[in-house]
Amino acid sequence: MSNTPVGECFANLDQARSGLRAAVDRVPEHRRGERPAPDRWSVSEILEHLSLVERRFAAIIALRISEARAAGLGPEQNPRAALPPNLQQMLRDRASRRNAPDAVQPSGGVDHVAGWVELERIRAELRSTVAEADGLALSTVTHQHPVFGTLSVYQLMDFIAGHEMRHAAQIAGIADALT
């Protein structure tokens, strides 16, 4: 699977998760629930936000794959299209702060340990769903996101990875501010 489009997406997700883990580990454990400023999220809140976002995207991916299978989805015949450059830039650009929609705002009631466990659980579900569809034409399985436009399953997974890397950079900044 490592040489397939799904394998490439999994490698991106793994790289992002590794970077997130490294960033979280830089913040002293006893300070992971502390906000670096009143208008900034704590590490715990960022992990909760990431799990909320990934849960939503994983559910969308599972739904779209299920619908496509029911409609007779065939084997993959297209190359994996990259995430559109405008979305890549948006995810990298930490100077432009964005307000998360209410549905993915952290409640503040999840500590960093529970947040990490939930992230890992959701990632395992996502990987299982997509691995079961490896070899199918996931480049043709799309979702129309109201903000980001039409994205294939591969692009949705790359978005998840990019979003996680964006917040890993945010956590690295928290580490610098709190240590």
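Listed values, structure above:
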{"read-out": "Given (i) 46; (ii) 37; (iii) 76, the label whose value is percent of Cα pairs over 24 Å apart derived from this model", "value": "(ii)"}
{"read-out": "Packing-based ranking, highest mean first, of 75-83, 45-53 given that Cβ atoms within 10 Å are counted", "value": "45-53, 75-83"}
{"read-out": "Ranked list, fewest to most other Cβ atoms within 10 Å of each Cβ, for 96, 152", "value": "96, 152"}
{"read-out": "Phi to ³J(HN,Hα) by Karplus 6.51 cos²θ - 1.76 cosθ + 1.60 over the range 50-57, Hz, x for Gly, Pro", "value": "4, 5, 5, 5, 5, 4, 5, 5"}
{"read-out": "Most fluctuating residue given options 88, 15, 144, as computed from a GNM of the chain linking Cα atoms under 10 Å", "value": "144"}
{"read-out": "9 Å beta-carbon shell around residue 174, net charge (K/R +1, D/E -1)", "value": "+3"}
{"read-out": "Alpha-carbon centroids, the range 63-137 and the range 18-47: separation in whole Å", "value": "22"}
{"read-out": "Nearest-0.05 FRET efficiency for residue 30 and residue 60, computed from C-beta distance (R0 35 Å)", "value": "0.45"}
{"read-out": "Computed lengthening from residue 98 to residue 81, 0.36 nm per intervening residue step minus Cα-Cα distance", "value": "3.6 nm"}
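A short reminder: the numbers here are calculations on the coordinates, not readings from a lab. The shown structure was predicted, so the numbers you read here are calculated from the model rather than taken from an experiment. Here the Cβ is made from the backbone with ideal geometry for all residues, glycine too, and neighbour counts use every protein chain on show.
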